[in-house]
Each structure stands twice: as structure tokens, then as C-alpha cells.
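The values are calculated or read from the model by the stated rules, or taken from the named source; none is laboratory data. Computed from a predicted model, the values in this text were never measured in an experiment. Counting neighbours? That spans all protein chains shown, and the Cβs are built from the backbone with ideal geometry, glycine included.
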Amino acid sequence: MISITVTALVFGVIFLAELPDKTALAGLVLGTRYRASYVFAGVAAAFLLHVVLAVAAGSALTLLPRQIVSAITGVLFLGGAAVLLMKKDDDEEDIKKPADQSFWKVAGTGFMLILVAEFGDLTQIMTANLAARYNDPISVGLGAVLGLWAVAGLGIVGGKALMKRVPLRLITRVAALLMLGLGVWSLYEAVAG
């Protein structure tokens, strides 16, 4: 039986924890380039897989040293920033023809980005902790996946709306700088302990 209280609590915690995270940035950038429904399908599938893994692992993920998780996250942020900064300006032509992108290519891109970037992320660890604490994997899993999907949807829709007013080049540069800052901060946390 699903506990509405546990589901709502987990939704709120995961939503707030993920809102300032790289997922919103990734969704925003992908949402400016590709059809939103295709991006969301891939991102949603990756989040579902992450939640299943986190809930299944329960408290096992909490045994990982926080410094290692921070170091991995920092490297992933820096890698994402590098990819964005090395992007050629002529790639903006893709935006004019988002319908030319196949569902599987776009959904696959969103899936792989989230699958790699979110592995070992704070919200995945939080989901495992919450699953261990409440011993209610279905309610915790439902709350977590709905919270993650809500953040991803906001990022993707926000990306589409933002593109109408701001050039992609500026959005990409700002996203890269934010990811660079988050990467440096994560590596600082790894070193500082």
C-alpha cells in the first residue's frame, strides 16, 4: 500500500534538493535544442532507473565516503562544462530544425546524460537513505521519481521559453559557467572533507 504522507515528504525533499542541481541545467540546455517531449522521455527513463537502483540499494549507498562522491560529481560537472564550452557556434542550426531529430536519438541523449551525470548524486543517495529510513520502497520510489520528473520538466519547459528571448550561445555559456562553478565546489568539498 502506498503511503501518501511518505510519498509527499519524499517528493518535497527530492524536488528541493534537485532544483538547483545540474539536472535543471541539463534539461534547460537540451530543451532549447530538441523537442521537449523527446528529451523528457529519455530523462524520465534515466531518473526512473536511478530511483530503482537507489531504492534497491537502500542504505548501502550511504557507506560510500562522501569525499569520493564529491570528487566524482566534480569531475562530471567539469566534463559537462568542457563539452558546453567547446560547442561550435554553428551547431545552433540544429535548433531551427528540431523536428529532424529522431525520437530515439534525442531520448537516448537525454537518457545517457542523466544516467551518467546523476549516478551517485546527492538525490540518489538521499533516496537510498529515505528508503532505508521509512522501509517503504514503493512510496519512497514514487515520491522520488515524481520529484525528479517535476524538476526535469521545469528545466525543459523553461529552456523552450527562454530560447524565445535569449540566444542559445548565451544560455550555453551561462550553463557552462554554472557547471564549472559547481564542479570546482564539488572538488573543493572532496578535498576539504
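Worth pointing out:
- Inside segment 167-183, residues that are at pLDDT 75 or above and more than 18 Å from the chain's Cα centre (by Cα) make up a count of 2.
- One residue stands out in segment 4-34 among those that are under 20 Å from Q124 (Cα atoms) and among the small types (G, A, S): the one that is surrounded by the fewest Cβ atoms within 10 Å (Cβ to Cβ), namely G12.
- One residue stands out in segment 99-142 among those that are charged (D, E, K, R) and part of a helix (DSSP H, G or I): the one that is surrounded by the fewest Cβ atoms within 10 Å (Cβ to Cβ), namely D100.
- Checked against the criterion of being more than 14 Å from E118 (Cβ to Cβ) and over 11 Å from the mean Cα position of the chain (by Cα), the candidates L48, L28, L53, L16 yield just one match: L16.
- Test: residue in segment 75-96 that is among the charged types (D, E, K, R) and at pLDDT 85 or above: no
- Filter result for K105 (out of contact with any Phe, Trp or Tyr (no Cβ under 7 Å at 6 or more places or on another chain) and modelled with pLDDT under 75): no
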